[in-house]
Amino acid sequence: MSIHPDVQAALDAARELRHRIADMRERIDDVRARRPSPSGTVIPEVDAMGRLTSLYLAPGTAGRFTSEELTAEIMAAIRESTRDAARQYQAIMETVITEHSEADDAADGRESAGVAEAVR
């Protein structure tokens, strides 16, 4: 028993979508942003969701600043790293949307050609 072409097309599209989603999730999971503080002595690492995953303090940093200054250094670096991670995330999402649109355009072109062949 063969599968109707429309059903097969839907199954193929679903498989392609699963692959795209898996690829997108993998790329998002790989996002890491490390932007130094204004002094360069603090470097946080954040993931695509802006979660702090690591924090580096150069030797002597804690003794160089007051607690308020150190807090400001850390927060500034985390904010900038979070902005960078958000830019990376946005770039991934835009790439996925662009790739999806291009694939749809190509499929539409194939369908239009098939309709033209059927009309002749």
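Things worth noting here:
- Which numbered condition Pro59 misses (of (1) within 29 Å of Ala91 (Cα to Cα); (2) in a loop (DSSP other than H, G, I, E, B)): (1)
- Residues located in the range 46-93, provided they are in contact with a helix residue (DSSP H, G or I) (Cβ under 6 Å, 6 or more places away or on another chain) and of a type in the set (Val, Ile, Thr): Val46, Ile92
- Residue check, Pro59 open to solvent by 90 Å² or more (accessible area, probe 1.4 Å) and either more than 21 Å from the chain's Cα centre (by Cα) or over 30 Å from Ser101 (Cβ atoms) (or both): yes
- Scope the range 1-50; condition open to solvent by less than 60 Å² (accessible area, probe 1.4 Å) and in a loop (DSSP other than H, G, I, E, B); matching residues: Val31, Ser37, Ser39, Gly40, Thr41, Ala48, Gly50
- Flag for Val96 being open to solvent by 70 Å² or more (accessible area, probe 1.4 Å), at pLDDT below 95 and either part of a loop (DSSP other than H, G, I, E, B) or of a type in the set (A, V, I, L, M) (or both): no
The values are calculated or read from the model by the stated rules, or taken from the named source; none is laboratory data. Keep in mind that this is a model prediction, so the values were computed, not measured. We place every Cβ from the backbone using ideal geometry, glycine too, and count neighbours over all the protein chains shown. For accessibility, only protein heavy atoms count, side chains too; no ligands or nucleic acids. Shrake-Rupley method; radii C 1.70, N 1.55, O 1.52, S 1.80 Å.
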